[in-house]
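The block underneath contains the structure these notes are about, expressed in structure tokens.
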Amino acid sequence: MFIKRLAFVLLIVAVLSSLVGTAVAQAEPQQFVVVYVEFKPANARAGGDVLQQLDAHAEDSAGVIRFDVLQQTDRPNFFALFEVWSNAQTFEDFQNSSETQAILTQLTPLLEAPLDQRPGNLLTGIVNPRSRHAQARQIFVITHVDVDPQFVPQAQPLLNTFVADSLNDPGVQTFALLSQTPTPNHFQLIETFEDLEAFDDHVSAQHTVDFRTATAPFLGAPYDERLYQFVRR
């Protein structure tokens with residue numbers, strides 16, 4: 001009788017352990033990545049072509065959720081990549097694949113500075129799935145917000161509120177706050193607008209002006225807001 005009870009208890013423990021393991025796996029966070037890419041001005045077109053090769057490879061890779069190639073509107077030799085992966089391991093596998101490394105090798109002689117890769121975690125907001133038919137008029141904005149470490153407790157609630165308010169602005173399609181790894185006092189706002197007019201209305205909104213005013217004393221570097229357009233294959 002004791003042996004049967006012991007076997008039953010061990011079976012229950014095994015089942016519970018399996019369920020806990022599954023819950024942990026399901027709770028594994030997505031990996032967000034922003035990469036700043038600066039080409040020599042004469043290499044902008046060639047560099048953009050190579051980034052599109054990387055995009056095509058990423059779309060065929062396991063675990064990819066979103067991979068955007070973006071070109072800065074006022075500096076056409078400056079690009080960015082916005083990536084979302086199912087978890088950190090799938091991103092690492094993509095980075096370490098021989099095909100990815102071969103494409104990155106093609107990029108190296110075209111660059112005016114090393115790739116600036118910034119992994120992060122989603123704190124709040126909404127990142128919609130990638131549109132397969134991104135329109136030329138859409139505006140993608142990446143804003144780097146460097147908060148003085150001592151002021152993070154004061155600044156982060158302001159950032160959270162700003163995201164919530166901005167999601168209600170007309171023409172907003174994506175608005176989210178990322179915390180950069182491993183420097184949690186560095187934040188990035190990821191924003192997509194249906195057009196430039198929607199972006200202009202957003203930055204002119206009173207809640208945006210109030211946010212900029214309230215956070216200014218807490219910043220450790222200038223508020224770095226960059227506008228991009230989607231590079232379409």
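General observations
- The set of residues from the stretch 137-170 being more than 19 Å from R66 (Cβ to Cβ) and modelled with pLDDT under 95 comprises just one member, R137.
- Residue under evaluation A102, criteria (1) touching a helix residue (DSSP H, G or I) at 6+ places or on another chain (Cβ under 7 Å); (2) hydrophobic (A, V, I, L, M, F, W, C); (3) open to solvent by 40 Å² or more (accessible area, probe 1.4 Å), criterion not met: (1)
- Sub-7 Å Cβ pairs linking a first residue in the stretch 135-159 that is within 14 Å of V231 (Cα to Cα) to a second residue that is aliphatic (A, V, I, L, M) and assigned to a helix (DSSP H, G or I), at least 6 apart or interchain, are I139/L196, ordered by first then second residue.
- Residues being hydrophobic (A, V, I, L, M, F, W, C) and open to solvent by 10 Å² or more (accessible area, probe 1.4 Å) - total across the stretch 33-49: 3
- Taking the stretch 193-226 as the range and being touching a Phe, Trp or Tyr at 6+ places or on another chain (Cβ under 7 Å) and part of a strand (DSSP E or B) as the test, only F193 passes.
- Given (1) open to solvent by 20 Å² or more (accessible area, probe 1.4 Å); (2) without any contact (Cβ under 8 Å) to a residue 60 or more places away in the chain; (3) part of a strand (DSSP E or B), number of the condition R75 does not satisfy: (3)
- Some residue of the stretch 115-129 being open to solvent by 30 Å² or more (accessible area, probe 1.4 Å), without any contact (Cβ under 8 Å) to a residue 24 or more places away in the chain and not acidic (D, E): no
- Some residue of the stretch 162-169 being of a type outside the set (S, T, N, Q), in contact with a strand residue (DSSP E or B) (Cβ under 8 Å, 6 or more places away or on another chain), free of Cβ contacts under 8 Å to residues at least 40 places away in the same chain and under 23 Å from Y36 (Cα atoms): yes
- Inter-residue pairs, beta-carbon under 7 Å, first without any contact (Cβ under 8 Å) to a residue 60 or more places away in the chain and within 20 Å of I139 (Cα to Cα) and in the stretch 208-228, second part of a helix (DSSP H, G or I) and of a type outside the set (G, A, S), 6+ apart: T208/H202
- When W85 is tested against (1) closer than 17 Å to P29 by Cα; (2) touching a strand residue (DSSP E or B) at 6+ places or on another chain (Cβ under 6 Å); (3) open to solvent by 40 Å² or more (accessible area, probe 1.4 Å), just one condition goes unmet, and that condition is (3).
The values are calculated or read from the model by the stated rules, or taken from the named source; none is laboratory data. Worth saying up front: this structure is predicted, and the values here are computed from it rather than measured. Don't worry about glycine lacking a Cβ; one is built from the backbone with ideal geometry, like all the others, and counts go over all protein chains shown. Each accessible area value is taken on the protein alone, full model and side chains, heavy atoms only, with ligands, DNA and RNA left out. Shrake-Rupley method; radii C 1.70, N 1.55, O 1.52, S 1.80 Å.
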